[in-house]
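Data block below; observations after.
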Amino acid sequence: MSLLCLGTATALAVDFPETEDNNNKGAANAVTLAAGDSVSGTTTGNSTTVAGLGSADYFRVTTSGFAAGTIHRHRMRLTSGDVSGHAPTIRGLTQTAGSINAGTDAALQSSSTATTPQRFVQWYGFGAAEQVYVRMTGTASTTGQYVCTLESSTVTSIDVGSRLEGPITIARGTGNTTPVDFWLYDGSLNAIVDAGNAGNNTLSRNLGAGTYYVAFSNVNTANNLASPPDDANRAGNVMDFPNAILNSTTTTVANMNIAITDVSGTVEGTGAKSGPYDIVWYRFTVIAADVACCFSDGSCQFLGVSACLTAGGLPQSVGSSCSPNPCPQPGACCLAAGGCASLLESACLASGGQFQGQGSACPSTCEAAQACCLANNSCIDAAPFSCAAQNGTARGPGSSCTPGLCIPPGGDCESPEVIGALPFDTNFNNSTNSSDFPPGSCNAAAAPTMDNSYWLRWDADEDCEVLVQATGTYDIVFSVLDGSCGSLNEVLCVDNTVGGLEQGTFQAVSGTTYWFQVGDWGTGDFGGATAFHVECIAQGACCLPDGTCQDISSLGCTTAFGAFQGDGSECATTACPPAEGCCFNNQTCQFLTPARCSTLGGTSLGASSDCNVTCVRGACCIGLVCTRQFEQQCIANGGFYQGDGTSCDSVAGTPTTYSSSPNLVIPDSPAPAVTDTINVADTYAIGDVNVRVQMLHTFLGDLDMFVSHNATNVILWSRDCGGNNDMNVTFDDEGVALICGQPTTGTFTPTSITAGQTLDVYDGQNVNGDWILSIEDQAGVDTGVLQTWELIIDQQGIGICLPDEPLACCFENGSCQVLTPINCQTAGGRVLGLGTNCSPNECPQPQACCLPNGTCQTVLVNTCTSQSGQSAGPGTNCTNFTCPSAQGCCFGTAGACSDLVPAACAQQNGVAQGANTNCGGNVCDRGACCLGVECTINYAGSCVLAGGTFVGANSNCGAVAGIPTTYTSNPNSIIADNQTITDTINITDTYTVGDVRVGILIQHTFQGDIIAHLTGPNLVNVLLINRPNNPQTTFGFGSDNYGDPLSGTYFVLDDDATLRYDVPDVVATGIPNPTGNWLPDNGVLANLDGQPVTGDWVLTVSDNAGGDTGFLVSWQLIIDQPGPGPCTGPSCLVGDANCDGVVNNFDIDPFVAGIVNGADPTPPAGYSGDQACWDERECWGDVNRDDAFNNFDIDPFVNCIVNQPDPGDPCPPPVP
């Protein structure tokens, strides 16, 4: 069956050398070849535009000398040339959507070096002088001549047998799973138009009588015809000329079986594609014959197949007849819709009926149709057997579909679950509820429907306030409605949280019917398991903020900011606190109870006051004391109001400075505000207050700050000065408007920072008590330290409330003089009070005052307190009392240091380093501390104080053990808008931390909202996530979640990761469901290394923008213990000179021997240890741990013998 390119031409063979220019189809050399003839030429390229040696060579080959009407296989094989470089191909045309593109040039078949023989192309013809385009190309190395020779052989088709005329289907036979490509030919081997297949694996056509051939192979098989309209692949390349066909693949197929089916059945042919580019040829005959034709009534007629089909009959097999009648007979068919009909079995089954047997007659025992409820809650009228076949539920004989019949309880308003007596609880799952209804007013703006609605109905039988609660993991929204199903009115709509509990109350009226609609917010169908609760809740008297009373529930009272008086209490017998005028710093007034007024930061104007006032302060004289109050407040307090805007006159001119130097760390958002307190022991009326604040902080625009005294707050800073760093600012009502700088310095008015804020609200108040400075960082990344702050407070001068008469005047040294108030002030004293004199002297006396830096001053108690000192008590002075000495005091993980007495150090959250230490050394260096073989991270001074050995600044405890323990919490806590949540893992294990990783699984619809940080048992705080891509963009990453909630895979924070989950390491939109290991955002988990693992580990997560919410689904701590580190300790028991396992008096002589004879390799006579022990002398003798055994070890050894360690313990390292 082969055409071979002959190596040696026969005597009759003809060779046709190429003639240039022949580099495209239009210029192809036309040659007529018989078997054995050849073409030849030379080419070193494949150009189709430039003629010459580097161009492709085209030949238009016509075959000659082959018998017509016979199938021939033709091959052109490279018989001389370079098989690695010369490459013959058969060319064709492209096709687009079944339309052949004329004038194109595309490869149809390419020769291969992997075939046997190498480098041939192949096609099939029918002795009709068929033509093909053959192209030869070369490479730079193919400078020699090529010869390609034609050989042909006759192909014998495989006979499949005969089929009846009419519809015939050609498809793959048994076991043939190869995608096939074939074409149907008539008996004269003419390709039949639109009778090909290249993707469907099947072809159905109506065929008349005659002989047919099928060219059957794998994809791609092509002739010159376009693909049929019903072909799945209509873009395959085709040949240029008729009467030729080829296959383009070298793949062989063992099973290329064919199946041919007519109305009477299927016959199959068996064949294989044995060689590259082969086509299997099948032949079958279609005959026109009369056969038995069966009709639906069971009758039979002897007809041709086409006539049978035209008459609506079913042809039987070849040779069949109507005597006897072979046709199936009709019988009773129980119909799917109910009732009976006489049908053939095939028609009965096709209609979904049940056939009762041939010859059976209607009426039979067929059941009538009844209502059938399907799984989607729809209804059809069907016979019971048909209902069961569709997994439906038959509703019983005589039933029929009516509106709402198949809606389950709760499915809609017409089919609600009925609520019985209250309290009432039920559980349902509305995830499959298909009914969507208009949403309630609380979510109408965002959701066009309330999805997965579940309905309940309650016929109220009492007047009461009703509590409604719905709990589930989806985004619940519910409405309470009254009216009727066709005309419902909303009573209550609740949609407050995402998942978890939704609850609300309404006032029910007996005799009214209420509907409860519980669904899923949004446009997607979710829903889920739901717990639903309804109860009448107890009522009581609620004293409202406006002084009125209302009988409502405790929940309703709380919602209204009222004070609930208890279940069962009644307004008729309850006396609520009356409302009073309440003035605010912005000069507005509200009518509120004193408690509500105070909660809102206002000032109550007193009993019987109202808001018919202007809320402007003025001087108020109460006895001798002048304070600035609102007019009605002054009158209510028994004072005399001096007029709006009046002051308490001049200040004394002798201001006192009260200071604190806390070196207080201001943690990054979302940590809570930090505070520092100055307690003033003095007791005088304030004439003026200024506040000075000195801090180091990058990005001052992160900060809010206010000062508070006697429950009165004044805002000093409100996220001002943007990216400017650091401040040394005095806040003074007599200052100038804020000017930002680098750093920001100067004296500025609070009101220029926040309108309405003035420090004169303290004028006239008693200075005594706590003054609190509060600072809160409101944005991520930047942190700082409050270094120092001061109160500069002057007492009132001689004002309108003081008489001009001599009084006792007290001085700083405790002496007393009788002076008029103005002379007392001028002399630097303070008036003791009305009616006072200096007999006896009742002025406060100075005492010894120990300051935080360890120095002593003899001053008044209030002066001592203002300097953050501690008074030693009456009668003391700096001569007869000794203050504690200052020592080094370390702060934070950075190791900041101040010289402070221990009490002041502790008060400022520092760590004292022990007597005789100071900040001049390196006591606050932080690193590995060896306590025996145990390693912790500590300050150098604290390490030595604990008897440890400090390894060095910034040293660590070495590698991890490689056996991490995982601790997991699954809180599923809601992260609401602009809210902060915490979750705690308590660890009871007792080991030292060597490494910490944190896995987080947060389901949240906007990553850029989230800030998360971890706090260890030692209160070290590590920032993990900080609103990625904020403030670079307003809202940060918009992708969903941290970790993958669907798979449960965590987002892991790890110091050993290489990328940070933020720009520029991550694209500006973020990654949906990010997993893997990431660096903490701006924190270092290694700060937790070396600490005890035992205790509470707290994860804090906050949402910092509106619109998106979520859940803290789960989180993990992956904690490993330290591996080998710097604290492995000596290999021997230090001090045990005789190696008996105990350090005691028996070690004295061998220790002395080691000092005297240490250079000798062998022990001296009388040495009580053995040679192995002597070899360890450099270890057991190095008592001072300086890596040498010498005379410097004698004193530490003697101290060890005098203070012997416990048996088995070594001599301890010496304390520096």
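The values are calculated or read from the model by the stated rules, or taken from the named source; none is laboratory data. Just so you know, these numbers come straight off a predicted model, no measurement behind them. Note that each Cβ is placed from the backbone with ideal geometry, even for glycine, and that neighbours are counted across all protein chains shown.
Scanning segment 29-48 for residues that are under 9 Å from LEU150 (Cα atoms) and surrounded by fewer than 18 Cβ atoms within 10 Å (Cβ to Cβ) turns up just one, ALA34. Within segment 314-327, being under 15 Å from SER264 (Cβ atoms), of a type outside the set (S, T, N, Q) and either surrounded by fewer than 21 Cβ atoms within 10 Å (Cβ to Cβ) or at pLDDT below 90 (or both) holds for LEU314, PRO315, VAL318, GLY319, PRO326. For LEU1133, state whether it is modelled with pLDDT of 85 or more, in contact with a strand residue (DSSP E or B) (Cβ under 9 Å, 6 or more places away or on another chain) and either surrounded by 14 or more Cβ atoms within 10 Å (Cβ to Cβ) or among the basic types (Lys, Arg) (or both). Taking the combined requirement at face value, the residue does not satisfy it.
From the list ASN1021, ASN1026, the lone residue that is of a type outside the set (Ser, Thr, Tyr), in contact (Cβ under 8 Å) with a residue 60 or more places away in the chain, outside the structural domain of THR783 (by TED's automatic domain parsing) and buried (at least 23 other Cβ atoms within 10 Å of the Cβ) is ASN1026. Here is a check on your reading of the model: is GLY746 touching a strand residue (DSSP E or B) at 6+ places or on another chain (Cβ under 8 Å), modelled with pLDDT under 80 and in the same structural domain as ASN713 (by TED's automatic domain parsing)? Judged against the criteria, GLY746 is not a match. Of all residues in segment 990-1041, exactly one satisfies the criterion of being small (Gly, Ala, Ser), touching a Pro at 6+ places or on another chain (Cβ under 7 Å) and closer than 20 Å to ASP1096 by Cβ, namely GLY994.
Residue count for segment 1036-1050 under the criterion of being within 22 Å of VAL1063 (Cβ to Cβ) and part of a loop (DSSP other than H, G, I, E, B): the result is 7. Just so you know, in segment 770-799 the residues that are over 48 Å from the mean Cα position of the chain (by Cα) and part of a strand (DSSP E or B) include one that is surrounded by the most Cβ atoms within 10 Å (Cβ to Cβ), and it is GLN796. The residue list CYS878, CYS838, CYS849 contains one member that is in contact with a helix residue (DSSP H, G or I) (Cβ under 9 Å, 6 or more places away or on another chain), modelled with pLDDT of 90 or more and either assigned to a loop (DSSP other than H, G, I, E, B) or closer than 30 Å to PHE811 by Cα (or both), which is CYS849.
Select from segment 928-940 the residues that are of a type outside the set (Phe, Trp, Tyr) and out of contact with any helix residue (DSSP H, G or I) (no Cβ under 7 Å at 6 or more places or on another chain) and list them in ascending order. ALA928, CYS930, LEU931, GLY932, VAL933, GLU934, CYS935, THR936, ILE937, ASN938, ALA940 - these are the residues of segment 928-940 that are of a type outside the set (Phe, Trp, Tyr) and out of contact with any helix residue (DSSP H, G or I) (no Cβ under 7 Å at 6 or more places or on another chain).
Of everything in segment 286-313 that's in a helix (DSSP H, G or I) and among the hydrophobic types (A, V, I, L, M, F, W, C), which residue is surrounded by the most Cβ atoms within 10 Å (Cβ to Cβ)?
Pass one, segment 286-313, residues in a helix (DSSP H, G or I): 305-310.
Remaining after also requiring among the hydrophobic types (A, V, I, L, M, F, W, C): 305, 307-309.
Working: VAL305: 27, ALA307: 15, CYS308: 24, LEU309: 18.
Of everything passing the filter in segment 286-313, VAL305 is surrounded by the most Cβ atoms within 10 Å (Cβ to Cβ).
Go through segment 693-718 and give me each residue that's within 30 Å of PRO821 (Cβ to Cβ) and buried (at least 18 other Cβ atoms within 10 Å of the Cβ). Passing the criteria: VAL707, HIS709, VAL714.
Taking the conditions (1) under 25 Å from VAL305 (Cα atoms); (2) free of Cβ contacts under 8 Å to residues at least 60 places away in the same chain in turn, VAL214 satisfies each one other than (2). Among the criteria (1) touching a residue at least 60 places away in the same chain (Cβ under 8 Å); (2) over 57 Å from the mean Cα position of the chain (by Cα); (3) part of a strand (DSSP E or B), the one PHE241 does not fulfil is (3).
Suppose we keep only residues that are crowded, with 22+ Cβ neighbours inside 10 Å and not charged (D, E, K, R) within segment 258-268. Which one would you say is nearest to VAL180 (Cα to Cα)? It would help to see each step written out before you state the result.
Pass one, segment 258-268, residues crowded, with 22+ Cβ neighbours inside 10 Å: 258, 260, 262.
The next check asks that each one be not charged (D, E, K, R); those that pass are 258, 260.
Numbers: ILE258: 10, ILE260: 14 Å.
Among residues in segment 258-268 that are crowded, with 22+ Cβ neighbours inside 10 Å and not charged (D, E, K, R), the one nearest to VAL180 (Cα to Cα) is ILE258.
You will find that of ALA953, ALA886, the residue that is surrounded by 22 or more Cβ atoms within 10 Å (Cβ to Cβ), of a type outside the set (Lys, Arg) and in contact with a strand residue (DSSP E or B) (Cβ under 6 Å, 6 or more places away or on another chain) is ALA886 and no other.
GLY271 falls short on exactly one of the conditions (1) in a strand (DSSP E or B); (2) within 20 Å of GLY173 (Cα to Cα), and that condition is (1).
Checking THR992 against (1) within 21 Å of GLY1083 (Cα to Cα); (2) in contact with a Leu (Cβ under 8 Å, 6 or more places away or on another chain); (3) among the hydroxyl-bearing types (Ser, Thr, Tyr), which single condition isn't satisfied? Single failed check for THR992: (2). Scan segment 904-932 for residues that are more than 42 Å from the chain's Cα centre (by Cα) and either more than 15 Å from ASN663 (Cα to Cα) or part of a loop (DSSP other than H, G, I, E, B) (or both) and report the count. Qualifying residue count for the region: 13. Considering segment 551-601, the residues that are under 42 Å from the mean Cα position of the chain (by Cα) and on the phi > 0 side of the Ramachandran plot include one that is surrounded by the most Cβ atoms within 10 Å (Cβ to Cβ), namely PHE561. Restricting attention to segment 255-268, the residues being part of a loop (DSSP other than H, G, I, E, B) and at pLDDT 95 or above number 3. For segment 391-403, a residue qualifies if it is surrounded by fewer than 14 Cβ atoms within 10 Å (Cβ to Cβ) and not β-branched (Val, Ile, Thr), and the qualifying residues are ASN391, GLY396, PRO397, GLY398, SER400, PRO403.
Residues in segment 969-995 that are assigned to a strand (DSSP E or B) and touching a Gly at 6+ places or on another chain (Cβ under 8 Å): ILE974, ILE975, ASN986, ILE987, THR992.
Of all positions in segment 135-144, none carries a residue that is assigned to a strand (DSSP E or B) and more than 23 Å from HIS74 (Cβ to Cβ). Looking across segment 1059-1100, the residues that are part of a loop (DSSP other than H, G, I, E, B), farther than 19 Å from LEU1112 by Cβ and in contact with a Pro (Cβ under 9 Å, 6 or more places away or on another chain) come down to ASP1062, VAL1063, VAL1066, ASP1089, GLY1090, GLN1091, VAL1093, THR1094.
Any chance you could count how many residues in segment 964-989 are over 14 Å from THR1100 (Cβ atoms) and in contact with a Phe, Trp or Tyr (Cβ under 7 Å, 6 or more places away or on another chain)? Spell out how you get there, then give the answer.
So the first thing to find is which residues in segment 964-989 are over 14 Å from THR1100 (Cβ atoms), and the list is 964-968, 970, 972, 974, 976-978, 986-989.
Filter once more, so that each one left must be in contact with a Phe, Trp or Tyr (Cβ under 7 Å, 6 or more places away or on another chain): 972, 974, 987.
So the answer is 3.
What do you reckon, is THR836 among the hydroxyl-bearing types (Ser, Thr, Tyr), surrounded by 15 or more Cβ atoms within 10 Å (Cβ to Cβ), over 60 Å from the mean Cα position of the chain (by Cα) and not assigned by TED's automatic domain parsing to the domain that holds ASP1062? So THR836 fits the description; yes.
Per the conditions (1) under 27 Å from CYS930 (Cβ atoms); (2) surrounded by 13 or more Cβ atoms within 10 Å (Cβ to Cβ), the sole criterion not satisfied by GLY1208 is (2).
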